[in-house]
1. Leaving out ligands, DNA and RNA, what percent of the accessible area of segment 4-230 is carbon and sulfur, probe 1.4 Å?
2. What accessible area per residue, rounded to a whole number of Å², is obtained for the chain using a probe radius of 1.4 Å?
3. Residue by residue through segment 53-63, what is 3J(HN,Hα) from phi via Karplus (6.51 cos²θ - 1.76 cosθ + 1.60, θ = phi - 60°)? Round to whole Hz and write x for glycine and proline.
4. What is the Cα convex hull volume of segment 116-196 when expressed per residue in Å³?
5. Checking a compactness column here: for segment 77-211, what do you get for Rg(Cα) / (2.2 N^0.38 Å), N being the number of residues?
6. For the chain, compute Rh as the Kirkwood radius over C-alpha pairs and then the Stokes-Einstein diffusion coefficient at 37 °C and 0.692 mPa s; write the answer in µm²/s, rounded to an integer.
7. Which links in Lys31/Lys91; Lys69/Lys91; Lys27/Lys69; Lys60/Lys147; Lys49/Lys170; Lys60/Lys91 stretch past 23 Å when you go from one Cα to the other?
8. Given a Förster distance of 25 angstrom, what is the FRET efficiency for Asn66 paired with Asn126, based on the Cβ-Cβ distance and rounded to 0.05?
Amino acid sequence: MSNVIIACDFSSAGQTYAFLEKFSGEKPFVKIGMELFFAEGPEIVREIKHRGHRIFLDLKLHDIPNTVKKAMSVLSRMDVDMVNLHAAGTKDMMRAAVEGLTRADGTRPVLLAVTQLTSTTKERMNADIMIPGEVADCVRHYAECAKEAGLDGVVCSPLEAEMVKEACGKEFVCVTPGIRFADSDKGDQARITTPAQAREKGSDYIVVGRPITAAEDPVAAYERCCQEFDGSPSKFFA
Ligand code: C5P
């Protein structure tokens, strides 16, 4: 199974199913983000799961601890594989999230903390968010807080994965968006690498949106990602 996660940033269920139906055989891991979830609600999660995909539900929660705990408890009843929140919400919020997400039998989806978005530059972080210093230092600090709070890993740039692993251990999961082929458009992303560089730097999973969803041949683009990231063609289309 490939650890390439396709960001299904579509605005409707119809578009999403039409896209996913292009993939025959074993099903890719998909990310459902705010656009699709807000448009279609929990039913889209149930249907995509029913179709056999692993799901990363990317809603990036950030609120007071009690609110996040309750929201996570709702998410824990959906059959998703990964969920996330913003580390900027504090360790108290992250601990509350772990509590809310943990089911009565002790199981829960993988919980990740977003560190700094891969679209954020040092200049914007310093000026707009008023965090001084380097993005990498902030990412490392947020990763350490997430680990202390009991989370499983972080969402960060592949450029930061190596450093996160050094700080938090190699079992601490790094999921990295900000992926572009050497010959593709950067779009609004800033801290980017190719799939192969992400692998070299220690990413466990890459999240790839537009380079696959906007490609003329999305299946071929996905295959290229798997080839570059996993080092072998995916077994999906044998
Ligand atoms: O199209 P692209 O490959 O840039 O999509 C990246 C996806 O990863 C988007 O769905 C975006 O919301 C998400 N993401 C990100 N940076 C983060 C966290 C999530 O780009 N730090």
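1. Of all accessible area on segment 4-230, carbon and sulfur atoms account for 50 percent.
2. 46
3. 8, 6, 10, 9, 8, 9, 10, 6, 5, 7, 7
4. Dividing the Cα hull volume of segment 116-196 by its residues yields 88 Å³.
5. Values: Rg = 14.9 Å, N = 135, 2.2 N^0.38 = 14.2 Å.
Compared with the compact-globule rule of thumb, segment 77-211 sits at 1.05.
6. Approximately 182 µm²/s, per Stokes-Einstein.
7. Lys31/Lys91; Lys27/Lys69; Lys49/Lys170
8. 0.20
The values are calculated or read from the model by the stated rules, or taken from the named source; none is laboratory data. Here the structure is a predicted model, which means the values were calculated and not measured. We place every Cβ from the backbone using ideal geometry, glycine too, and count neighbours over all the protein chains shown. Surface areas here come from the heavy atoms of the whole protein model, side chains and all, with no ligands, DNA or RNA. Shrake-Rupley method; radii C 1.70, N 1.55, O 1.52, S 1.80 Å.
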